[in-house]
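Here is the structure we will look at.
The values are calculated or read from the model by the stated rules, or taken from the named source; none is laboratory data. Everything numeric here is computed off the predicted structure, so don't read it as measured data. No Cβ is skipped: glycine too gets one built from the backbone with ideal geometry, and neighbour counts run over all protein chains shown. All accessible areas refer to the heavy atoms of the entire protein, side chains included, with ligands and DNA or RNA removed. Shrake-Rupley method; radii C 1.70, N 1.55, O 1.52, S 1.80 Å.
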Amino acid sequence: MRIVSIRRRISVGWDWKSKVSQSQSQRGIVTSCRAVVLPRFGGPEVLEVRPNVEVPDLKPNEVLVRARAVSVNPLDTRMRSGYGRSIFEPLLPLILGRDISGEVAALGASVRSLIVGQEVFGALHPTAIRGTYADYAILSEDELAPKPVAVTHVEASAIPFAALTAWRAIKSTARISEGERLLVIGGGGAVGFAAIQLSVAAGCHVTTTCGSQSIDRLLAAGAEQAVDYTAEDLELAIKGNFDAVLDTIGVPETERVGINLLKRGGHYMTLQGEAASLTDRYGLAVGLPLATAVLLKKQIQYRCSHGIEYCWTFMRADSEGLDEIRNLTEAGKLKIPVEKTFPIVQVREAHEAKDKRYIHGKIVLELD
């Protein structure tokens, strides 16, 4: 039986769960589904909810996930506006979205760690073309883990992309360990907040900068000092030197402050690398080598002048990291609060709320 529309399948009372359980490695249960499509770059108004978007065949290492909740990340709104244009424009239309929480609907032939019907959560790589704003999303096995039982799909969907971005920086790059000191510049955002909690769980001493509205929340999460960057001079307010600095803001002033507060041998990591902006400005052929040269120049410069390591950091799939994130979430040691939910059909309103900063916290799209 070949199903071409999820809505049609539901209307005739087709029991997809029982059918999937009978055929765990087959993907033919879904050939198309509802999805939010980005046909061109622009404002929230360019987003289209289409009822019949093709679902590709699964590769051996891939998993088909029935989405229950997907979060809206800053990367989603930036991509919608044209960030990464040099890479993505030839591939339009795209499906946005990186985070997901839902159930396994089907498995590729080589997938062994998951089973059909299992609740899972995870996140796609930043350069993925087919995102998670859809009833059904496709992720690789190492991009997924069992959903923490202690949280809902909405809560789980807010965690993976931000937490894995923080994990990449503080665990894979800086390799922080118990007793070391971490400075998080911009701890009020999801990545900064995740970095604080991951570092506290590892036994580190954390200082952070943030707006006044975030101070109490970050101190409650375990930061030893939270400095209001709008009211205090950071270099006067922050004492001592740090083993690592994670800069989620990434402007010249925060880079200067962060580097000056590092110990020799420390790591400065910024989320605002220039690779995408330079390739958008000059094209891939010129922009990518230029970005590599800019990064190399800064690495050499700061190694010689300050004795520190400098890098641009970004999220990548990490099954070990996702497993630890899951365990910390289960233990109540890691949480990214959701401020507002929207049904998937109101995706334009959700993006507009983020663009106009009506909602400062995490937004999640729910799928019925």
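Taking a ≥ b ≥ c as the square roots of the eigenvalues of the Cα gyration tensor, segment 282-322 is oblate, since a/c reaches 1.5 or more and a/b is not larger than b/c. The charge dipole of the chain, taken about the Cα centre with unit charges on the Cβ atoms of Lys, Arg (+1) and Asp, Glu (-1), comes to about 840 debye, rounded to the nearest 20.
A simple rule links phi to the HN-Hα coupling: the Karplus curve 6.51 cos²θ - 1.76 cosθ + 1.60 with θ = phi - 60°, which for segment 172-187 gives 7, 8, 6, 6, 5, 9, 3, x, 7, 10, 10, 10, 10, 8, x, x Hz, with x for Gly and Pro. Note down the Stokes-Einstein diffusion coefficient of segment 87-214 in µm²/s, whole number, using a Kirkwood radius over alpha carbon pairs, 20 °C, and 1.002 mPa s. Rounded to a whole number, D works out at 131 µm²/s.
Within segment 68-95, list the residues whose amide N lies under 11 Å from a label point set 7 Å along Cα→Cβ of Ala150. So the set is empty, nothing qualifies. Within segment 252-367, the proportion of Cα pairs with more than 26 Å between them is 50 percent.
With the convex hull constructed from alpha-carbon coordinates only, segment 48-96 shows a mean projected area of 4.8 nm² over all directions. Between the amide H of Gln118 and those of Val104, distances stay under 5 Å, these residues lying 5 or more places away or on another chain, with hydrogens modeled in the peptide plane. Taking amide H atoms as placed 1.01 Å from N in the peptide plane, the amide H of Asp247 lies under 5 Å from those of Ile185, Met269, Thr270, Leu271, each 5 or more residues away in sequence or on another chain.
Net charge in the neighbourhood of Leu92 (other residues with Cβ under 13 Å of its Cβ; Lys, Arg +1, Asp, Glu -1) is +2. Over segment 101-158, all Cα pairs binned in 10 Å intervals from 0 give whole-percent P(r) values of 22, 57, 21, 0, listed from short to long.
The tail of the calculated P(r) for segment 133-177 beyond 16 Å holds 54 percent of all Cα-Cα pairs. Considering helices alone, the calculated mean residue ellipticity of the chain at 222 nm is -9000 deg cm²/dmol, with DSSP H runs of length four and up weighted by -39500 (n - 2.57) and normalised per residue.
Ranking Pro74, Leu365, Leu107 by Cα position along the charge dipole of the chain, where only Lys, Arg, Asp and Glu carry charges on their C-beta atoms, puts Leu107 farthest toward the positive end. Computed from point charges on the beta carbon alone (+1 for Lys and Arg, -1 for Asp and Glu), the dipole magnitude for segment 183-246 about its Cα centre is near 200 Debye.
In this rough spin-label picture, where each label sits 7 Å from Cα along the Cβ direction, the Glu320-Asp57 distance is 3.5 nm.
Against the empirical 2.2 N^0.38 Å (N residues), the chain has a Cα radius of gyration ratio of 1.01. Counted as membrane-span-like here are DSSP H helices of the chain whose alpha-carbon atoms extend 20 Å or more along the helix's own axis and whose Kyte-Doolittle mean is -0.5 or above; these are 284-305. Kirkwood's formula applied to the C-alpha pairs of segment 207-301 gives a hydrodynamic radius of 15.0 angstrom. Here the accessible area is traced with a 1.4 Å probe on the protein chains. For the chain, carbon and sulfur cover 52 percent of it. Straight-line cross-link reach from Lys333 at under 17 Å between alpha-carbon atoms covers these lysines, not counting any fewer than eight positions away in the same chain: Lys147, Lys171.
In this structure the amide hydrogen of Gly266, modeled in the peptide plane, comes within under 5 Å of the amide hydrogens of Glu309, none closer than 5 places in sequence on its chain. Taking all protein chains as they are arranged and a probe of 1.4 Å, the heavy atoms of Ser32 leave approximately 10 Å² accessible to solvent.
Its Cα centre serving as origin, segment 264-354 has a Cβ charge dipole (Lys and Arg +1, Asp and Glu -1) of approximately 340 debye.
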